[in-house]
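In what follows, a structure is listed as structure tokens, so that the remarks can point back to it.
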């Protein structure tokens with residue numbers, strides 16, 4: 001029975017891939033390898049983020065009329081001196097502004113791709129990781145670049161399934 005090299009292994013571990021010094025067992029399939037760019041210096045592989053832009057767009061479009069209605073209700077509450085509703089309407093308006101800002105920023109300012117770049121010359125792997133803060137749309141959302149030496153990286157095949 002095969003044992004994983006890494007301790008602890010990834011959950012769903014199936015097998016370890018070859019070390020960089022070992023020859024490959026099989027050739028990669030061109031259909032499975034979706035490269036953004038490839039030349040003699042580096043290979044860049046696409047890694048799409050699982051951010052649901054379409055759903056966020058629908059939620060943003062739905063939140064804008066609610067926000068407009070909330071602002072109209074706030075103005076109407078102040079004009080008619082309905083002080084018992086004022087706090088509720090202010091909280092609803094601020095929540096609507098926060099929600100619309102979160103959705104719109106997530107749609108417009110998140111990267112569409114977080115690639116992994118394998119640099120043959122430097123023997124390094126660069127990963128571009130996007131970090132967002134869902135509860136604070138006004139804070140910076142940086143892209144952090146991490147690098148790894150090839151000799152320190154091990155690859156393994158794993159499989160996970162979600163309950164449907």
Quickly run through the range 43-63 and pick out the residues that are at pLDDT below 85, surrounded by fewer than 16 Cβ atoms within 10 Å (Cβ to Cβ) and assigned to a helix (DSSP H, G or I). 53, 54, 55, 57
Under the condition of being more than 15 Å from the chain's Cα centre (by Cα) and in a strand (DSSP E or B), which residue from the range 143-164 is surrounded by the most Cβ atoms within 10 Å (Cβ to Cβ)? 156
Out of 108, 87, sole residue that is over 30 Å from residue 154 (Cα atoms) and within 20 Å of the chain's Cα centre (by Cα): 108
Condition check: outside any helix (DSSP H, G or I), surrounded by fewer than 10 Cβ atoms within 10 Å (Cβ to Cβ) and modelled with pLDDT of 85 or more. Does residue 40 satisfy that? yes
Inspect the range 128-142 for any residue being loosely packed, with under 12 Cβ neighbours inside 10 Å, at pLDDT 85 or above and closer than 30 Å to residue 9 by Cα and give the result as yes or no. yes
Checking residue 77 against (1) within 20 Å of residue 156 (Cα to Cα); (2) at pLDDT 75 or above; (3) touching a helix residue (DSSP H, G or I) at 6+ places or on another chain (Cβ under 9 Å): exactly one of these is not met. Which one? (1)
Can you list residue pairs whose Cβ atoms sit under 6 Å apart, with the first residue in the range 137-164 being closer than 10 Å to residue 125 by Cα and the second being modelled with pLDDT of 85 or more and in a loop (DSSP other than H, G, I, E, B)? Count only pairs 6 or more apart in sequence or on different chains. 150/123
Tally of residues being over 20 Å from residue 143 (Cβ atoms), assigned to a loop (DSSP other than H, G, I, E, B) and in contact (Cβ under 8 Å) with a residue 12 or more places away in the chain across the range 80-122: 2
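The values are calculated or read from the model by the stated rules, or taken from the named source; none is laboratory data. Remember, predicted model here, so these are calculated numbers, not experimental data. Virtual Cβ from ideal backbone geometry, glycine too; neighbours counted across all protein chains shown.
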